[in-house]
1. If a residue counts only when it is under 30 Å from B:Ala156 (Cβ atoms) and not acidic (Asp, Glu), which helices (runs of 4 or more DSSP H) contained entirely in the stretch B:48-106 have at least 1 such residues?
2. From the list B:Glu199, B:Glu163, which residue is in contact with a helix residue (DSSP H, G or I) (Cβ under 6 Å, 6 or more places away or on another chain), closer than 26 Å to B:Leu122 by Cβ and among the acidic types (Asp, Glu)?
3. Those residues that are in contact (Cβ under 8 Å) with a residue 60 or more places away in the chain and either among the hydrophobic types (A, V, I, L, M, F, W, C) or surrounded by fewer than 16 Cβ atoms within 10 Å (Cβ to Cβ) (or both), I need them from the stretch B:190-211; list them, please.
4. Hey, among B:Leu81, B:Leu135, B:Leu92, which residue is farther than 21 Å from B:Asp251 by Cα and either among the β-branched types (Val, Ile, Thr) or in the same structural domain as B:Leu253 (by TED's automatic domain parsing) (or both)?
5. List, please: which pairs have Cβ atoms under 7 Å, are six or more places apart or on different chains, and start with a residue in the stretch A:130-147 that is closer than 12 Å to A:Glu93 by Cα and end with one that is aromatic (Phe, Trp, Tyr) and open to solvent by less than 30 Å² (accessible area, probe 1.4 Å)?
6. Residue pairs, Cβ under 8 Å, 6 or more apart or interchain, first in the stretch A:66-81 and more than 10 Å from DNA strand D (Cβ to nearest atom), second open to solvent by 50 Å² or more (accessible area, probe 1.4 Å). List them.
7. Quick check, is A:Leu136 within 30 Å of B:Gly61 (Cβ to Cβ), within 17 Å of the chain's Cα centre (by Cα) and at pLDDT 95 or above?
8. Quick check: anything in the stretch B:150-169 within 13 Å of the chain's Cα centre (by Cα) and either in a helix (DSSP H, G or I) or surrounded by fewer than 23 Cβ atoms within 10 Å (Cβ to Cβ) (or both)?
There are 2 protein chains.
Amino acid sequence: MFEVTRTLYDCLVQCASEYREGVPPKEFTSVWAREPRGQREQGLSRDQIVRAAMEILDAEGLEALSMRKLGARLGAGATSLYWHVATKDELLELAMDQAWGEIQLDPEKSWRETASDYSYGLRGTMLHHLWLGSLLGGMPSIGPQALRASATLLNAFQRGGFEGMEIDFAVNSVISYTLGATLPEIAWRTMVFRSGSTEEEQVEAMTPIIEAATAHTPELRERHREYMSGSYDPAVARNLAFDYGLVALLDGLAARLLQPDRPGSRTAQSSAVTPAESTAAQPT
Amino acid sequence: MFEVTRTLYDCLVQCASEYREGVPPKEFTSVWAREPRGQREQGLSRDQIVRAAMEILDAEGLEALSMRKLGARLGAGATSLYWHVATKDELLELAMDQAWGEIQLDPEKSWRETASDYSYGLRGTMLHHLWLGSLLGGMPSIGPQALRASATLLNAFQRGGFEGMEIDFAVNSVISYTLGATLPEIAWRTMVFRSGSTEEEQVEAMTPIIEAATAHTPELRERHREYMSGSYDPAVARNLAFDYGLVALLDGLAARLLQPDRPGSRTAQSSAVTPAESTAAQPT
DNA sequence: GAGTGACCTCGAACACTGTACGAGACCCCC
DNA sequence: GGGGGTCTCGTACAGTGTTCGAGGTCACTC
């Protein structure tokens, strides 16, 4: 594993110098760096704008949101918005954080329950706001609501017995899995959404493409056929798949928690390819 | 868990009807649905265009790619490209799949090794092509290269002893974790990239924002300070975090593989909040 | 050699986009 | 009444993806 890690690290360093050919440097900015402008209580407000933006985003998708359309919805000129919001990207940052705020956690629960709540909460929010999919990979979530949720999760893990860097690692893995598991669903649902048809129609429309694409990978084609013939409800199947991976991950974390030799657990005793010694993988 | 799942399912159904206010239906299309056009061997070619597009994407980022710029780079008019590629989205689909092709897997290895290779491979590719981050959440990866890699992974899991739907579930969880773990890194690196400064400068520029944002979550602030004072190399720390979660997940999957009662494993015996019976979480 | 039709290029134009700028309107306080 | 901050917005600019149709270049047939 160390070798692979080394390679990756080199890649990162190399990327840093390789990129940026003729791109003009754009100073780092974020809504959270600057405080909101308005004081007066009339006319437009930031909250109002963000709310309206989310309505458009939810109803028509990310690329349907334009400043002109948003202004029109609010009965205002497009450029009026720029008094309350510096750029469109900042507006999206605000909308993102608003969505993060929908995740509600109980700070009293166990680490495992909290992880589960967080995971299902994030997934639900993402599926409710499909536009989050394209945004999460482009701009970091550093808004107060996102941080609040992560802090609660982090606290639960700390109380649960994780220590040092392991807290961050474990928390990160839960967030990562949730994000990654939901993303392809979002991509799929976005496609269905844009097509204007139902999921069933879309599946039907996709079948010839899948058949053609899997012409040279018979095992995949086989699995797809089996999958289709089972007449599963796709939404239910996705939920099962999501839960399966989440359980596996949490089990793995729980196992780590019970390892006898965890000094600072700075150095990983096991690698990705060799199973950890004291898990159920090797019966005692 | 069933209750939560139920809620999610309802949400999905509800979304399907709630969305789509005034969006014009756009027939489903994909590059993979239509076969390429050109036959003659002169002038532009699809490969050439995709390659040039990826050069721009790598060097200047997703939003720097415009058809006019791409045309100019190839010494052609912008609209000439439309003979070889139906839309810009299709071009991006092609570029995405080209990136997927960079993942090389050995079909002889064990399921755990293959999972590790896949995971590190995907992560490396994503970090090499930052623009993938914004794309993976928007359009599904159903190109031949993406399918090829997934098929290899799937085969390895099947050989490794996974059965029925569990194969899909396990494979999905590995892909999901990798995707989700890399996405925030991409978001961060994209931000650094756009700012034009080094990672260290960016971290320094971010500090006051983090301090301000974590004003009401002292535990997070504490952790951030500890993290900063440790003077870790951020890239190394990220690699450790990535490996930690991957190991935990693979351990969890391995544990599932050894469970004695796995009939068709259609129904999950354990839920996200209650640890599975036969893992190390509950010592026998 | 003329003709035909497929392959390929591209300039002009259209309907958009995000946003800078500056003129003006409103309101409160001196 | 007169500032001065708060807020709106029409105009304009430089760009975007994409359509359309006119033209050019081949390989082939008669």
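1. So the answer is B:88-100.
2. Details: B:Glu163 fails: in contact with a helix residue (DSSP H, G or I) (Cβ under 6 Å, 6 or more places away or on another chain).
Residue meeting the stated conditions: B:Glu199.
3. B:Phe193
4. Working: B:Leu81 fails: either among the β-branched types (Val, Ile, Thr) or in the same structural domain as B:Leu253 (by TED's automatic domain parsing) (or both); B:Leu92 fails: either among the β-branched types (Val, Ile, Thr) or in the same structural domain as B:Leu253 (by TED's automatic domain parsing) (or both).
That would be B:Leu135, the only listed residue that is farther than 21 Å from B:Asp251 by Cα and either among the β-branched types (Val, Ile, Thr) or in the same structural domain as B:Leu253 (by TED's automatic domain parsing) (or both).
5. So the pair list comes out as A:Ser141/A:Trp100; A:Gly143/A:Trp100; A:Gln145/A:Trp100; A:Ala146/A:Trp100.
6. Once the first residue is more than 10 Å from DNA strand D (Cβ to nearest atom) and sits in the stretch A:66-81, its partners that are open to solvent by 50 Å² or more (accessible area, probe 1.4 Å) give A:Arg73/A:Glu55.
7. no
8. Taking every residue of the stretch B:150-169 in turn, at least one turns out to be within 13 Å of the chain's Cα centre (by Cα) and either in a helix (DSSP H, G or I) or surrounded by fewer than 23 Cβ atoms within 10 Å (Cβ to Cβ) (or both).
The values are calculated or read from the model by the stated rules, or taken from the named source; none is laboratory data. Model, not experiment: these values are computed from the prediction. Quick reminder, even Gly has a Cβ in these numbers, built from the backbone with ideal geometry, and neighbours come from all protein chains shown. Note: accessible area is taken over every heavy atom of the protein model, side chains too, but ligands, DNA and RNA are not part of it. Shrake-Rupley method; radii C 1.70, N 1.55, O 1.52, S 1.80 Å.
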